[in-house]
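The values are calculated or read from the model by the stated rules, or taken from the named source; none is laboratory data. Note that the structure is a prediction, hence the values are computed from the model and not measured. Glycine also receives a Cβ, built like all others from the backbone with ideal geometry; neighbour counts cover every protein chain displayed. Heads up: the accessible areas ignore ligands, DNA and RNA and are worked out on the full protein's heavy atoms, side chains in. Shrake-Rupley method; radii C 1.70, N 1.55, O 1.52, S 1.80 Å.
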Number of protein chains: 2
Amino acid sequence: MKKEPSILRYKHLGVLTQYANVVFLKNDSHVCISEGFTALTRIRVSTKNTSIVASLNVVTSNILLPDEIGLSDTAAEKLSISEGDTLSVSHLETINSLDHLRSKIYNHTLDYNAYQEIINDVVKGDYSNIHLSAFITACAGDRMDINEIADLTKAMIVSGVQLKWNKEIVMDKHCIGGLPGNRTTPLIVAIITAFGLTMPKTSSRAITSSAGTADTMEVLTDVSLSPEQIKKVVEKEGGCFVWGDAARLSPADDILIKIEKALDIDSEGQLIASVLSKKAAAGSTHVIIDMPIGETAKVRNRKKAEQLKTHIEVVGKEVGLNTKVIITDGSQPVGNGIGPVLEAIDVLSILRREPNAPFDLRERALLLAGALLELSGKVAAGDGVKTANDLLESGKAYTKFKAICMAQGRFTEPIIAPFFHEVHSENNGTLIRIDNRKIAKLAKLSGAPEFKAAGILLHVHLGNTIRKGQLLYTIYTQAEGELKYALDYLKMHTDIMTII
Amino acid sequence: MKKEPSILRYKHLGVLTQYANVVFLKNDSHVCISEGFTALTRIRVSTKNTSIVASLNVVTSNILLPDEIGLSDTAAEKLSISEGDTLSVSHLETINSLDHLRSKIYNHTLDYNAYQEIINDVVKGDYSNIHLSAFITACAGDRMDINEIADLTKAMIVSGVQLKWNKEIVMDKHCIGGLPGNRTTPLIVAIITAFGLTMPKTSSRAITSSAGTADTMEVLTDVSLSPEQIKKVVEKEGGCFVWGDAARLSPADDILIKIEKALDIDSEGQLIASVLSKKAAAGSTHVIIDMPIGETAKVRNRKKAEQLKTHIEVVGKEVGLNTKVIITDGSQPVGNGIGPVLEAIDVLSILRREPNAPFDLRERALLLAGALLELSGKVAAGDGVKTANDLLESGKAYTKFKAICMAQGRFTEPIIAPFFHEVHSENNGTLIRIDNRKIAKLAKLSGAPEFKAAGILLHVHLGNTIRKGQLLYTIYTQAEGELKYALDYLKMHTDIMTII
């Protein structure tokens, strides 16, 4: 039963696979034969200090020698290795939490320990896409009760870094997505920190939308900061706008979000756990949640909204957060731009008090900033919006915004995309409906958020009187191929805007 | 908006990825830049005649030139191309059936058209593992009603080849797995065809078990036959034992089964659709289904069994099959061998009337063959088992078995594995319990069914008096590494057999 360890030399193959760990081994290598490894086997690849789980691609050509091992670039990066370093490989030990996963697939209720074991294995990278997708699906469609959502949230909080601020009050906000262009966060952070309160804001990238706050802010400044860097920025300026994943807050969430994105779903349990685990791990104490409702927004009716509001506030309390959900209008996009660069331009125009700044986005930001100021107890009930407005109009919010950007590493002006296509009205009438989902889909097909400058610029809003030939919106793209793709969609969907 | 087609030369990289289609493109290639392709984008790869969908791996090293394209071997095989051939790539058009998938994730009931659209896209290869896993999970845990199961079954039937036999009666059987070693099918086919009835048997490979009938029969003969080859074999001998996938019967099933295997689940809806779609597509008219129940079998209690029996018989009727479910004892493995080669040895020993042939497997095969003979109406009620026994004892079944094997391409004697480990009893007593799941798991860890000779050979059965040191079972493996893996499991699970 003696067994030699399988030692292999790392050869750089230069293969990019996004987040997927792939390992390449020669078909006639000692390990493939002795360990019985075949294609797509999930195996453990280890250095002396660390290890990852990767899916095997078996190589039959001469791009590898039998004693060499190749890795996707992501995998090599996680192991911090370079050409010629030695690695060992072994069978993947049994993943015990898969018993819990199967139990959930079969509709059983899981307890805190089960969720913690699952989340730990997810964060370790032991779950394949098949396992992750099954977990997301088994938790979707109201298949988690409120206790399970709280347990999942708690498991996600402890799965990564937890920030501490030594402040009595730490402010936060979140928007339950679904409304294109609704980029209030950068404005709220600028107002709240200009007021003097602490607001260390961590945001996600887009899940199913064309941009998340992290995608938009990355246009203007660096958002991938380490916990130490975040600490420094917040100590200096009282706030930040960073990407939660880089901070390693609730890292399970960032893995699960990629699967939700591939499925284009965002289920209640995962949504609540995602939002609140990030807030709690970020050390927040007071949180305002913007929940737009509308026929084509993520939350479609008041009944659903009230249920979600209750669940969020209950789970918030369970994990120690003072949470208030504000239900807002979700009937049309907010602001003019949809896509990271175009939204960044909207944000700057409001902070700079430019005359053509989008009025609706400005008003929404003031409403939420006002509510947050009142929730803190530092501003009297009823005075929130006025206080927020003063900070914006005096230029104090803009000064603070630029200061935070510089503390995060840079302040960059947004640059518009090279390719565009204008869409004009084919008739006279009134704009009575904008399909949020279709306009967001069009922005995604144009390349957002992967290509930051891609997206849609709206020139009209609900209720506007439109004349035939009037410019309705412009599609921006980074590459010609993407433009064709967006135009194909446009041809098949003529009801993005309804003018009668 | 003019757009050149992206033409690339195929370079053979020799990368095995099992069933996953992977395409390799250079990062600085014209297509990656102009189309905006990034790692893991799912793209369409086309020859003049056909196309597949593949996941993109972006290459930054010199294993590819910018105008070259690499493919996993599976993908190249599907496109029937060789080095130097030209290929074009394009964006994947929107997969419309994903709207139905999302609807099912959110617990809505789907109709026949929705299932048909999903199944068509699955068969085309448009679904990624993430989509497939979500579909399997959304349909698991009693989340399909009986009409949905019938609709899914019908959609799966028409998704591939449908065989016609020009016979009034076409016999078939199936076992709802979960019982290691229960290899009655080859014996029943031999008996039924020796009687003179038609039985063109298509079988699956293992889903969650250590061997399926197709895995076992492949030890003895070729099982990957085309529909034309199957037709010839059946015309000549009246029956066959082939792998359903190679025959392109219900091809969706073979894709979905791989995902179920990765998740180690087998849900009711998918199980029924899987079994009955294969039977109907194979042109069967009369089907016996063996359903073992036992504490550690797939079906654990009589209530579950009765429900599943009803659902199968109802859906069977819906799709035009005369189906009878027979509930059998599932308290322990059937036969001595567990794993393809070891089970093939059991089958041969019964056909050859060897004195040490496993009595329990022989009896089970006669029970089911007898029931099938009676279901056909050609043998009087009560005479089935006797008729079956006569065909076995006369040697007619063995003669027919060898004839079918030869018609399928070969008859090969099984060869035992090179590595083994014997497990002995640590005490005196009576064998009162065998854990089917754990013994099957042990057989899988030993390498079955991927390595055909791997598996477990039982030397004892329930109720046997055991003395300390007595040989209980032998673990066979093809590679030393697999043996170590099985032994690790054994060390952690001492309750595979209970002797008191």
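At a glance:
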| item | result |
| --- | --- |
| Of all DSSP beta bridges in chain B, antiparallel share, percent nearest 5 | 55 |
| Kirkwood hydrodynamic radius over Cα pairs of the stretch A:7-91, then Stokes diffusion coefficient at 10 °C and 1.306 mPa s, in µm²/s | 129 |
| Occluded residues from the stretch B:135-157, i.e. those whose accessible area drops by 30 Å² or more once the chain is not alone (1.4 Å probe) | B:Thr137, B:Gly141, B:Arg143 |
| Charge context of A:Thr60, other residues only, Cβ under 9 angstrom, K/R +1, D/E -1 | -1 |
| For the stretch A:83-99, 3J(HN,Hα) per residue [Karplus equation, 6.51 cos²θ - 1.76 cosθ + 1.60, θ = phi - 60°, Hz, x = Gly/Pro] | 2, x, 5, 9, 9, 10, 10, 8, 4, 6, 4, 4, 8, 5, 5, 5, 4 |
| Chain-alone versus full-assembly comparison, the stretch B:49-72, residues with accessible loss of at least 20 Å² (1.4 Å probe) | B:Asn57, B:Val58, B:Thr60, B:Ser61, B:Ile63 |
| Rounded percent of accessible protein surface that carbon and sulfur make up, the stretch A:419-499, 1.4 Å probe | 53 |
| For B:Lys303, net neighbour charge (Lys/Arg +1, Asp/Glu -1) across residues whose Cβ lies under 14 Å away | 0 |
| Whole-number accessible area per residue in Å² for chain B, which is evaluated in the context of all protein chains at 1.4 Å | 38 |
| Nearest 10 degrees, 0 to 90: helix B:384-393 Cα axis against chain B principal axis | 90 |
| Exam field: B:Gln18 pseudo-label spacings to other copies (7 Å along Cα-Cβ), nanometres | 2.0 |
| Descending semi-axes in whole angstrom, ellipsoid equivalent of chain B, from the Cα gyration tensor | 41, 27, 23 |
| Label geometry 7 Å along the beta-carbon vector: B:Tyr106 inter-copy distances in nm | 2.9 |
| Residue-wise HN-Hα coupling along the stretch B:180-193, computed from phi with Karplus coefficients 6.51, -1.76, 1.60 (Hz; x: Gly, Pro) | x, x, 6, 9, 7, 3, x, 5, 5, 4, 4, 5, 5, 6 |
| Sites A:Arg433 and B:Leu92 - FRET efficiency at Förster radius 41 Å, r taken between beta-carbons, to 0.05 | 0.90 |
| Net charge of neighbours whose Cβ lies under 11 Å from the Cβ of B:Lys438, counting Lys and Arg as +1 and Asp and Glu as -1 | +2 |
| Part-to-part distance (alpha-carbon centres) for the stretch A:410-437 and the stretch B:25-86, which is given in Å | 33 |
| Test item: Cα-centred dipole of chain B, Lys/Arg +1 and Asp/Glu -1 on Cβ, debye | 660 |
| Order of exposure, largest accessible area first, which applies to A:Arg205, A:Arg467 with probe 1.4 Å | A:Arg467, A:Arg205 |
| Extreme residue, positive dipole direction of the stretch B:419-499, given options B:Ile496, B:Phe451, B:Thr474 (C-beta unit charges) | B:Ile496 |
| Heavy-atom accessible surface that A and B bury in contact, both chains counted, 1.4 Å, Å² to 100 | 5100 |
| When the convex hull of its Cα atoms is projected in every direction, mean area for the protein assembly as shown (nm²) | 42.2 |
| Per-copy distances of the B:Ser80 label point, shortest first, in nm (7 angstrom along Cα→Cβ) | 5.3 |
| Accessible-area composition of the stretch B:60-110, carbon plus sulfur, in percent [1.4 Å probe] | 47 |
| Helix-derived mean residue ellipticity, 222 nm - over chain A, DSSP H n ≥ 4, -39500 (n - 2.57), to 500 | -12500 deg cm²/dmol |
| Above-threshold pairs, the threshold being 29 Å between Cα atoms, out of A:Lys304/A:Lys444; A:Lys104/A:Lys154; A:Lys278/B:Lys124; A:Lys452/A:Lys484; A:Lys124/A:Lys438 | A:Lys278/B:Lys124; A:Lys124/A:Lys438 |
| Within straight-line cross-link reach of A:Lys378, lysines at Cα separation under 17 Å, skipping those fewer than 8 residues along the same chain | A:Lys167, A:Lys173, A:Lys324, A:Lys386 |
| Residues whose placed amide H lies under 5 Å from that of A:Cys240, excluding near-sequence neighbours | A:Met199, A:Lys201 |
| Percent RCO, i.e. relative contact order, over the stretch B:7-91, from Cα pairs under 8 Å lying at least 6 residues apart | 50 |
| Antiparallel content of DSSP bridges confined to the protein assembly as shown, in %, to 5 | 55 |
| Lys/Arg +1, Asp/Glu -1 at C-beta; the protein assembly as shown dipole; positive extreme among B:Ala134, B:Thr86, A:Phe241 | B:Ala134 |
| Simple Cβ-charge dipole of the stretch B:105-257, Lys/Arg +1 and Asp/Glu -1, about Cα centre, in debye nearest 20 | 500 |
| Mean Cα-pair separation over length for chain A, i.e. relative contact order, pairs under 8 Å, 6 or more apart, % | 14 |
| From phi via Karplus (6.51, -1.76, 1.60), per-residue ³J(HN,Hα) for the stretch A:151-159 in Hz, x at Gly/Pro | 5, 4, 4, 4, 4, 6, 4, 7, 6 |
| A:Met406 - accessible surface, heavy atoms, 1.4 Å probe, Å² rounded to 10 | 120 |
| Dipole magnitude of the protein assembly as shown, debye to nearest 20 (Cβ charges: Lys/Arg +1, Asp/Glu -1, about Cα centre) | 480 |
